[in-house]
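**Q** To start, I am sharing the structure in question, which I have written as structure tokens.
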Amino acid sequence: TDEHISKNMLAAHLDLDFDAASRNISTIKKTVEWISSVSKENAKILDIGCGPGLYSAALSEKGFNVTGIDISSRSIKYAEQKAIENNLFINYQCKNYIDDIIEGKFDVVICIYCDFGALIPDEQTILLRKVSDVLSNDGIFIFDVFKSGLCNFKEEKKDWQYIWESNFWSEKPHLLLEEVKHFPRHQVWGTRNIVIEEGREPREYITWDHYYSERDIEKLLNKNGFQAFTIRNDIVDKNEFTSSDVMFIIAKKK
């Protein structure tokens, strides 16, 4: 992981007024309250892609037994330090939740801020299989995805700019190429950023944002041994960064 981007990503997570890497504090609180209301008392919760532990910490404060995993060692170190400062007992692990083994059994698994839709289909299948393996028999999987309203927020473009000052992508002067493309047949938006700077090989970063209907989610879950138990469309507050047309799903194993 690029150290400069890792540092800026953590800063974005911790900016609770802006929905860049994490959602704003109002939506986080609303989400945590809802997760708490549908989880049994003292539940063991696995937070997949926990980042700096914003949800993990809030759920731990409510008495849940929380494990958080994330690929960013910087975010995990931050989360561990905050847990110590606040006397919270949270099991944080630096792992890639697609490639690495996830151990233990959990009553609830959460994957928040549309991380599920950022995966390619094969990775989604892997994740659902892993979630199924670690869920208790009556456990629930809570995740959120974009709906078609995402298309009203995004637009296709190709752009380039030469940036002299430090920004998210690099601390040195660099050329930034950006392309945003819509693939309607696959219901996904792709964003590609290429960073070119003197003395380094060009670096390419691609992100995906899938969007779904309720029927799409039901079919996907059924195909992978789950069923949608509850769907909510009213949790995410409107924001200036991305679409608030999001549904939250509670899924159970068949």
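**Q** Got at least one residue in the stretch 229-245 being over 19 Å from the mean Cα position of the chain (by Cα) and either closer than 23 Å to Val180 by Cα or outside the structural domain of Ser166 (by TED's automatic domain parsing) (or both)?
**A** So far as the stretch 229-245 goes, yes, one or more of its residues are over 19 Å from the mean Cα position of the chain (by Cα) and either closer than 23 Å to Val180 by Cα or outside the structural domain of Ser166 (by TED's automatic domain parsing) (or both).
**Q** What's the number of the condition Lys158 fails, among (1) surrounded by 12 or more Cβ atoms within 10 Å (Cβ to Cβ); (2) in contact with a strand residue (DSSP E or B) (Cβ under 6 Å, 6 or more places away or on another chain)?
**A** Every listed condition holds for Lys158 apart from (1).
**Q** Going through the stretch 101-140 one residue at a time, which ones are in contact with a strand residue (DSSP E or B) (Cβ under 8 Å, 6 or more places away or on another chain) and more than 22 Å from Trp34 (Cβ to Cβ)?
**A** Ile102, Gly104, Lys105, Leu119, Ile120, Ser132, Asn137 - these are the residues of the stretch 101-140 that are in contact with a strand residue (DSSP E or B) (Cβ under 8 Å, 6 or more places away or on another chain) and more than 22 Å from Trp34 (Cβ to Cβ).
**Q** Look through Cys94, Cys111 and report the one residue that is of a type outside the set (Phe, Trp, Tyr) and within 23 Å of Lys147 (Cα to Cα).
**A** Cys111
**Q** Please work out which residue is surrounded by the most Cβ atoms within 10 Å (Cβ to Cβ), limiting yourself to the stretch 30-51 and to residues that are within 16 Å of the chain's Cα centre (by Cα) and small (Gly, Ala, Ser).
**A** The residue in question is Gly51.
**Q** Is it true that Gly117 is in the same structural domain as Ser73 (by TED's automatic domain parsing) and not in a strand (DSSP E or B)?
**A** yes
**Q** Which members of the stretch 214-254 meet the condition of being more than 29 Å from Phe18 (Cα to Cα), part of a strand (DSSP E or B) and of a type in the set (D, E, K, R)?
**A** Answer for the stretch 214-254, where residues must be more than 29 Å from Phe18 (Cα to Cα), part of a strand (DSSP E or B) and of a type in the set (D, E, K, R): Lys252, Lys253.
**Q** Taking Asn86, is it on the phi > 0 side of the Ramachandran plot, over 18 Å from the mean Cα position of the chain (by Cα) and surrounded by fewer than 15 Cβ atoms within 10 Å (Cβ to Cβ)?
**A** no
**Q** Run down Leu88, Leu46, Leu59 and say which single residue is at pLDDT 95 or above and assigned to a loop (DSSP other than H, G, I, E, B).
**A** From the options Leu88, Leu46, Leu59, the qualifying one is Leu88.
**Q** Anything in the stretch 143-155 that is hydroxyl-bearing (Ser, Thr, Tyr) and either loosely packed, with under 13 Cβ neighbours inside 10 Å or part of a strand (DSSP E or B) (or both)? List them, or say none.
**A** Answer for the stretch 143-155, where residues must be hydroxyl-bearing (Ser, Thr, Tyr) and either loosely packed, with under 13 Cβ neighbours inside 10 Å or part of a strand (DSSP E or B) (or both): there is none.
**Q** So how many residues does the stretch 11-29 have that are basic (Lys, Arg) and surrounded by 20 or more Cβ atoms within 10 Å (Cβ to Cβ)?
**A** Qualifying residue count, the stretch 11-29: 1.
**Q** Of the conditions (1) assigned by TED's automatic domain parsing to the domain that holds Thr31; (2) in contact (Cβ under 8 Å) with a residue 12 or more places away in the chain; (3) of a type in the set (Asp, Glu); (4) not in a loop (DSSP other than H, G, I, E, B), Glu178 fails just one. Which one is it?
**A** Exception for Glu178: condition (1).
The values are calculated or read from the model by the stated rules, or taken from the named source; none is laboratory data. Quantities reported herein were computed from a predicted structural model and do not represent experimental measurements. Cβ atoms come from the backbone with ideal geometry, glycine included; neighbour counts cover every protein chain shown.
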